[in-house]
1. Could you give the size of the charge dipole of the chain about its Cα centre, using +1 on the Cβ of each K and R and -1 on the Cβ of each D and E, expressed in debye and rounded to the nearest 20?
2. Could you point to the residue in Thr295, His314, Tyr363 farthest towards the positive end of the stretch 290-436's charge dipole, with +1 and -1 charges on the Cβ of Lys/Arg and Asp/Glu respectively?
3. Between Glu59 and Ser26, what FRET efficiency comes out of the Förster formula 1/(1 + (r/R0)^6) with R0 = 30 Å and r the beta carbon distance, rounded to 0.05?
4. Take the Cα atoms of the stretch 118-167, build their convex hull, and give its volume per residue in Å³.
5. What is the dipole size for the stretch 150-304, taken about its Cα centre, with +1 at each Lys and Arg Cβ and -1 at each Asp and Glu Cβ, in debye to the nearest 20?
6. If I model the stretch 212-476 as equal point scatterers sitting on the Cα atoms and use the Debye formula, what is log10 I(q)/I(0) at q = 0.12, 0.16, 0.17 Å⁻¹?
7. Taking the Cα centre of the stretch 101-203 as origin, work out the dipole magnitude from +1 charges on Lys and Arg Cβ and -1 charges on Asp and Glu Cβ, in debye rounded to 20.
8. Grab the DSSP H runs of the chain that are 4 residues or longer, score each as -39,500 (n - 2.57), total them, divide by all residues and round the 222 nm result to the nearest 500 deg cm²/dmol.
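All of the numbers you see were taken from the coordinates with simple rules; none came from a lab. Keep in mind that this is a model prediction, so the values were computed, not measured. Here the Cβ positions follow ideal geometry from the backbone for every residue, glycine too, while neighbour counts run over all protein chains shown.
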Amino acid sequence: MDIRRLLSIQAERGAKAIGTEYIFKSIEFVIAECRRYIQERSETYRDLEPEAKRQAIKELIISYVMSHPHLVEGYVDEDNRPDTNKLVDRLIEDITDYGILTAAMLDPDIYEIRANGKEIKVEKKGRCIDLTDKEGRILSFDSVEQQDIILRKLLGDVRLTPKDAIVNARTVEGYRVAAVHSSALSPDPEDPSNSGYHAFVLRKFRKLKMELPDLIKHGTLSDNMGRFLALLPEGGLTFVTVGPTASGKTTTNNAILQATPPDIRTIVVQNPSEIDLRKRDATGRVYNDVLHIETKEKENPSPTDNTMENVQNHILRLSPTLVCFGELRANIEFKNGLIIMQAGHPINATYHADDSEGAIQRYMTAYLAESGNQPSELVLAELTDKINIVIVQMLMRDGTRKIVQISEIIGVDSNNPNKAIVNDLFIYEMADEHEYDEYGKVVNIRGRHKRVGQLSERTIMKLKYRAISKSQYDFLLKPPSDDEIETYTGENIINYGKKIRGAQE
């Protein structure tokens, strides 16, 4: 049946104002309620591509209107019945239409939208460029009012004011927005017209489940690096993926975790949900033992609210084998992560650090800030005992993303109790010269992935206890040589070295 006809039937069955006792709802109330209705059902569309996601949100708007026969000021017909068609059009416009940003919101190749005042930049395929229209004309906000309207739609219930000058929010699509009020921006002495404009960054994320072979073909890592990383979840190793913002560490982490065998009880805790480890059979049934939990940030939470801290305190009661945190942010989250490791469970997480040694120092600093006057030497000894592998990723100046370091953490330096022993296995070795375009902008970072170390006996023993065959990591057992060349085929990654029953030799 035609949607318009369905809405007309709903209007006929809906509320009607009788006399003067009925209280009308304001359009602002209905927009806010509809947004909450959509966000509560985000699991129905969060895995879709942008255009399909937008269509799914439109259908939820229609569903909301059909199930909530409000009388809305300005949206009733001459018989005081809901004018549902008009109301749906208004809700679709207010919730899904972002004006000059709409095309960028729908473009799957655009990962970030950045407003630096009235000027707009986007990150497209790893490169920062001006936002343009179909004809290639550079776009910017025409007025402060235009930006305000679009930003209010992005922020939803979160208000950006001089009092609340720095805010974070999520769009109905699930994208993260960080905004700064104009009152907190320094004035531009050469362009007074730029005053009054706010700044914000909208970060999109792709729900496509990229696996290690996909990243290898993109040059993010090599075949042998991928074969080793594929062993981490099954091998019971605690590993962290670190790097700067937008370095692609979550995408890499997701790819590694896709290699987790279906019989390993895995609990994934995220805010927001970006990693999906569900594996489905031909009927759509999830056949692997995985539980996804999405945490929320709340002011003055109760002990039963699903904050990251509360979930971490509760997680051991959920029978985990492997615990995955989308990202560790607050100091208490680092502390609780170590407590989970001390209980014998390998964990996985992402957070910000520059290199492998810095990753350990970052964790220790956060733990000590939360735990008070514990001796740093004891904390470092505990961390280097529990964290096994550090993966470091960077966004290169040519727009590519590279894993630049994979290291074992194998203890504390006997000559310096405040220094971790880091055993590099792979690095990205930079060349001396790179390629530039006619404007002097680097377009090709030259370098190569290179094996620089071999597995320690400590890690080998951990892999043996998890029934990982020697043939699965044989390429890491001998000292590296200068004539080794890393390949990027993406072939024979997940099952490398396995003696699979029934497989042809």
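1. Here the size comes out at about 1540 debye.
2. Farthest towards the positive pole: His314.
3. 0.80
4. With only Cα atoms used, the stretch 118-167 gives 115 Å³ per residue.
5. For this selection, approximately 380 debye.
6. Log-scaled intensity ratios, in q order: -0.75, -1.29, -1.43.
7. 400
8. Values: 15 runs with 153 residues, N = 505.
The helix-only estimate for the chain comes to -9000 deg cm²/dmol at 222 nm.
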